[in-house]
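First up is the structure itself, then whatever we jot down about it.
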Amino acid sequence: MRSPAFRPSLPVRVIMLSAAYSPLLLLLALLDSFRLDWLRWVFVALAVAGVLGTVLFLTVAIPRRNGSPEQVYSVKPREGEALKFFASYVVPFFVTATASGSVRWGLLIYLSMIAVLYLQGDLYFSNPLLAALGYRVFELGRADRGSLLVISRSWYLAPGENILLVPLGGYIYIQQRPPGPEDTTP
């Protein structure tokens, strides 16, 4: 695959991060964890913007890109990726329920550090919202013995299968669905 990498812009990556954190943001807002009305609304706005922005990115931006064909040589599901990310903020959520104000602010700094790592590391594939929307992550082996991480709506990818991939940056790709009969005009 020799196409130039399409790396989502920083705003798109921030929106996808907000989507990944949306369950936690909504819970923190609902429970009024920081006891600041303005912060509650910021959490809600970030969660809603993240979910809507991610859905728009997946349904509008990705289909407009030209996918590059790739043959699947070997494939292995990576089922635990979303759960790993989800676990990174479950502990802070439970701690905020009983922690003092200063500890809550410390946890917010901790979550901010995780956010920076998410943005710098292009960790799109570990987004729990993608899993909730029916996407799965596969480690795909290539003919040159390299490997890719592929985000796909397919339940199964088979060796020998040809698929279209859109690069998201580095070794992370998303499978582009070819137009089906319902997508074509007569």
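The values are calculated or read from the model by the stated rules, or taken from the named source; none is laboratory data. Everything quoted here is computed from the prediction, not taken from an experiment. We place every Cβ from the backbone using ideal geometry, glycine too, and count neighbours over all the protein chains shown. The protein model used for the area step is the full one, side chains on, heavy atoms only, and it has no ligands, DNA or RNA in it. Shrake-Rupley method; radii C 1.70, N 1.55, O 1.52, S 1.80 Å.
Can you run down the residue pairs with Cβ atoms below 9 Å, 6 or more apart or on separate chains, where the first is in the stretch 58-79 and on the phi > 0 side of the Ramachandran plot and the partner is at pLDDT below 90 and open to solvent by 100 Å² or more (accessible area, probe 1.4 Å)? Nothing qualifies. So which residues in the stretch 136-149 are closer than 21 Å to Leu17 by Cβ and free of Cβ contacts under 8 Å to residues at least 60 places away in the same chain? Listed by number, the list holds a single entry, Arg136.
Screening Leu168 against (1) under 18 Å from the mean Cα position of the chain (by Cα); (2) open to solvent by less than 20 Å² (accessible area, probe 1.4 Å); (3) at pLDDT 90 or above leaves a single unmet condition, (3). Considering the stretch 110-136, and only residues there that are touching a Ser or Thr at 6+ places or on another chain (Cβ under 8 Å) and closer than 12 Å to Gly80 by Cα, the residue that is surrounded by the fewest Cβ atoms within 10 Å (Cβ to Cβ) turns out to be Arg136.
Keeping to the stretch 15-47, report how many residues are surrounded by fewer than 18 Cβ atoms within 10 Å (Cβ to Cβ) and among the aliphatic types (A, V, I, L, M). Matching residues across the stretch 15-47 total 9. Residues that are at pLDDT below 80, within 30 Å of Gln176 (Cβ to Cβ) and not in a helix (DSSP H, G or I) do not occur anywhere in the stretch 59-74.
Take the conditions (1) modelled with pLDDT under 85; (2) farther than 30 Å from Asp32 by Cβ; Ile174 misses just one of them, which is (1).
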